Amino acid sequence: MLSSSPGPIGIFDSGYGGLTILHGIRQLLPEYDYLYLGDNARAPYGPRSFDVVYEFTRQAVVKLFEMGCHLVILGCNTASAKALRTIQQNDLPKWDPERRVLGVIRPTAEVIGSLTQSRHVGVLATEGTIRSESYTLEIRKLHPDIEVTGVACPFWVPLVEYNEADSPGADYFVKKRIDQIMRLDPQIDAIILGCTHYPLLMPKILKYLPSGVRVVPQGEYVADSLKDYLERHPEMASRCSRQGQVHYLTTENPDKFKESAQIFLHESIDVDNITLG
């Protein structure tokens, strides 16, 4: 039986990248409580099939609901691309129609129309997100006149997670993908970072992007979208507890998570281990 008492806002990610989403949300909405769950033991999700990503994401959402969350944000582009729609349409009505699961793709798709003049937009993301074409579909639904070009960046996540984002070796991989996307469509004037790890590569990305091309990280837009959502749905806002606390869970070794999380958060945190499945 799921609790009806107010609970934290759940943030789920396959690994650490969702911490950039959590950071953006906490900057804007510090008064709420948050429960972050990283499925680090089974990361990365990017190369996995739709069915596997859906099953892993479903397990995580169920766990967050059981721990008192009424609202869960999939702070993972791959999970948002491959699992969100099925969970919203098939699972939520059976579990609890009052609870909500939101993703990170739609908020970015909504705002991109105001960030491009040329109406040519690029998406840099994991292989799974690019293959799903979720950004293209979502953007075209809202802005039919925008041309979308996507390129997968398979080595970018390991560069961040192994703390190599500032290394000279990272330059090669960042430059290669930026050159590729600009070659595919030289009219691009805005590039969405469609993976929550990628903001940590921002200095390198800006170094190799042509001048006049705007970078669109997701954290602030997801935060703005969540703030707007809670203002429009006061009944959900009242189900979210507000003591300004954050709790972290991982399916991996807590000490390892704590160490890696500092790359994203620049603060020390307490972490508990949890099992999914």
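The values are calculated or read from the model by the stated rules, or taken from the named source; none is laboratory data. It should be emphasised that the depicted structure is a prediction, and the values quoted were computed from it without experimental measurement. We place every Cβ from the backbone using ideal geometry, glycine too, and count neighbours over all the protein chains shown. Heavy atoms of the whole protein, side chains included, go into the accessibility calculation; ligands, DNA and RNA do not. Shrake-Rupley method; radii C 1.70, N 1.55, O 1.52, S 1.80 Å.
Figures for the structure shown
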| item | result |
| --- | --- |
| Single condition ASP224 does not satisfy, out of (1) surrounded by fewer than 19 Cβ atoms within 10 Å (Cβ to Cβ); (2) more than 17 Å from ARG106 (Cα to Cα); (3) out of contact with any strand residue (DSSP E or B) (no Cβ under 7 Å at 6 or more places or on another chain) | (2) |
| Helices (runs of 4 or more DSSP H) enclosed by segment 188-277 - at least 3 residues per element that are within 21 Å of the chain's Cα centre (by Cα) | 202-208, 219-232, 254-265 |
| Pairs with Cβ under 6 Å, 6+ apart, first in segment 168-180 and under 10 Å from LYS204 (Cβ atoms) and assigned to a helix (DSSP H, G or I), second open to solvent by 50 Å² or more (accessible area, probe 1.4 Å) and at pLDDT below 95 | ALA170/GLU164; PHE173/PHE155 |
| Residue satisfying condition, being of a type in the set (A, V, I, L, M) and open to solvent by 80 Å² or more (accessible area, probe 1.4 Å), within set LEU159, LEU142, LEU184 | LEU184 |
| Single residue of segment 162-181 satisfying the filter (charged (D, E, K, R) and more than 22 Å from SER14 (Cβ to Cβ)) that is least open to solvent (accessible area, probe 1.4 Å) | ASP171 |
| Residue that is in contact (Cβ under 8 Å) with a residue 24 or more places away in the chain, open to solvent by 50 Å² or more (accessible area, probe 1.4 Å), among the aliphatic types (A, V, I, L, M) and closer than 26 Å to PRO158 by Cβ, where the choices are ALA60, ALA41, ALA83 | ALA41 |
| Single residue of SER134, SER167 found to be within 24 Å of ASP189 (Cβ to Cβ) and of a type in the set (S, T, N, Q) | SER134 |
